[in-house]
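Structure provided below as structure tokens; questions to follow.
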Amino acid sequence: MPLSTAPWPMTSTSLSQEDVPLPLHWGLTTLNRYGNYTAEGAHCQEVGKLNASLRCEFVKKTLDCNNTDGYFSYLHGAFCSFPPQLFPLAIMLYALWLLYLFIILAVTAEKFFCPNLSAISRTLRLSHNVAGVTFLAFGNGAPDVFSAVAAFSDSRTAGLAIGALFGAGVFVTTVVAGGIILVKPFTAASRPFLRDIVFYMCAIFLTFYVLYRGYISLPDVLVYLLLYLAYVLVVVLSTWVYQRMRQRLLLAPSLDEPELLTDAEENTVPTPHDSEYGDEYQPLLPLQHTTWQIMWDGINPVDSRKWRQKRWHWKILKVFKVPIEVLLLLCVPVVDPDKEDHNWQRPLNCLHVITSPLLCLFCLHSGAYACYIIQGGFPMWSLLLLIGVPLSLIIFFTTKNGEPPKYHCIYSFIGFITSALWISAAATEVVNLLRTFGVIFRLSNTVLGLTLLAWGNSIGDFVSDLTLARQGYPRMAFSACFGGIIFNVLIGVGLGCLLQMSPSKTELQLETQGLLVWILAGGLGLSLVFSFVAVPIQCFHLRRVYGMALFFIYVLFLVVALLTEFGVIKQGDTSI
């Protein structure tokens, strides 16, 4: 096989054969006249075929290894910043960083994104049902949606988005739902369950059709978004029907009132307004704090009383959360309608006028816009600083500590935008890091999506839903398994593909991973069809046997998927 597929002029400066480093015959990798790699046509996964001493040069010269949107070049760091003998250390550090990125996503969604969405829904006076399937669903599914949008931005990682959405769907509808049933068997609400699972199956089979065709067009994207709009309308209509039925039953007290559950009861969790430590810890008179005390309390994420009561593992996790919580408290405002002052913190909110736009700017396109030069020597970040500082001073001197201004609700929109961009930036890093693991271990993006990305994005659902079940709300938790994830699929695929389209590009090619994608879609379809049949057969009385069957489906699906990834099961084979 020739060393190069592209000839160069045979001059007196041409390299002799013994001057050419070996091996250089993998894939489409070629040599130029100076003995360096060319980037044309070379795939980054070919780096694993080279000798350890040649991998850094390959990563530097190959466009496929450097065409990333993140803040860091993980492949360059793994193969160039660490010597070959310390390569396992680089892998371990990347794994820890991936874990911390998932912590960042969870903290941002739980403490900053979701509260602001709840405040926005109250400001707009939306009903609990509409807010639950729109704003609150967006809050709960933010990591999945932003990860899908980030993955669809590059055709090389589209399989990562598909694997993550389908993998998370299988995980939530089998492991999480089965865990809820094992913790506390219960009777499911028939109408919300049938409604959610029918819409979910429609979304999955639509995605199955798109994958079979190999591309997604603008009409397909519109179908995704319209299907979600239809789901919201059905929720609103079913709530109206329920209210009419309830009024009729109240007017006829002699009849036995059947057990009916509203969507609000299924999808929302009652949150007490009182402190978790009881009213006895509440001061009889409100305390007057100074400006500096308000500032310190606003950026201090550690409650000393809670710290003393919690166990050691909670404290260790809290230590890792503190840096990111302090950063977000300094940059992301949070409006809490349940508090008397709506969480108005005058000095900190004034600082947010400066820090929130700066954080948004540095989150856009990996901070490239922040360094954009205006008028030949004026960076963009300095312009925001010049605007934000005077505005912050005006707000500070025209407001009081204990009295939120009338425009305080605007801070919820600022916090929503800032936290959304922060989540998007973190999700982009997750996608780039998972692609790095795929290159290093020669794994497909689909299998990375259905395992690491799906588990990382779904671990919050697993913990919260099982906690709800233990507290006596298994119906709420079980309904969330099927209702909440509809938003992730329809909006994740629809919005992720729509953002990549333009008037001149109305179709996106989907580079699927062959048999593995069909196993992934088939596993999710099997779990949904099984629940759609098994739950009514049990008359909606869910028992532990059904939970064990869901666990078995997931284990079987995961084993078949991994065997397919490693070539044990191949297309056309009838046995393992």
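The values are calculated or read from the model by the stated rules, or taken from the named source; none is laboratory data. Values in this document were obtained by computation on a predicted structure and should not be read as measured data. As a convention, Cβ positions derive from the backbone with ideal geometry for all residues, glycine included, and neighbour counts pool all protein chains shown. Just the protein is used for accessible areas: all its heavy atoms, side chains included, with ligands, DNA and RNA removed. Shrake-Rupley method; radii C 1.70, N 1.55, O 1.52, S 1.80 Å.
Separation between the PHE378 and SER217 pseudo-spin-labels, each 7 Å from Cα along Cα→Cβ, expressed in nm?
According to this spin-label approximation, the distance is 4.8 nm.
For segment 295-426, which whole percent of the accessible surface, found with a 1.4 angstrom probe, sits on carbon and sulfur atoms?
Carbon and sulfur together cover 68 percent of it.
What's the extension gain from ARG122 to GLU110 if we count 0.36 nm per residue and subtract their Cα-Cα distance?
Net length gain for the segment: 2.6 nm.
Another question, then. Can you list the residues of segment 89-126 with backbone N under 17 Å from a point 7 Å past the Cα of PHE413, pointing along Cα to Cβ?
Backbone N within reach: 116-126.
Further, regarding this structure: Rounded to the nearest whole Å², what accessible area per residue is found for segment 329-373 with the 1.4 Å probe?
That works out to 43 Å² for each residue.
Estimate the FRET efficiency between VAL545 and ARG311 by the formula 1/(1 + (r/R0)^6), using the beta-carbon distance for r and 22 Å for R0, to the nearest 0.05.
0.05
Rounded if a/c is under 1.5, else prolate if a/b is larger than b/c, else oblate: which is segment 296-414, with a ≥ b ≥ c the root eigenvalues of its Cα gyration tensor?
Because a/c hits 1.5 or more and a/b fails to exceed b/c, segment 296-414 counts as oblate.
Figure the gain on full extension for THR290 and ILE91 (residue separation times 0.36 nm, minus the Cα-Cα span) and round it to one decimal in nm.
Computed gain between THR290 and ILE91 is 66.8 nm.
Would you mind getting me the FRET efficiency between VAL322 and GLN247? Use the beta-carbon distance for r and R0 = 51 Å, nearest 0.05.
It comes out at approximately 0.50.
Give me the distance in nm between label points sitting 7 Å out from Cα along the Cα-to-Cβ direction at ASN401 and MET501, one decimal.
5.4
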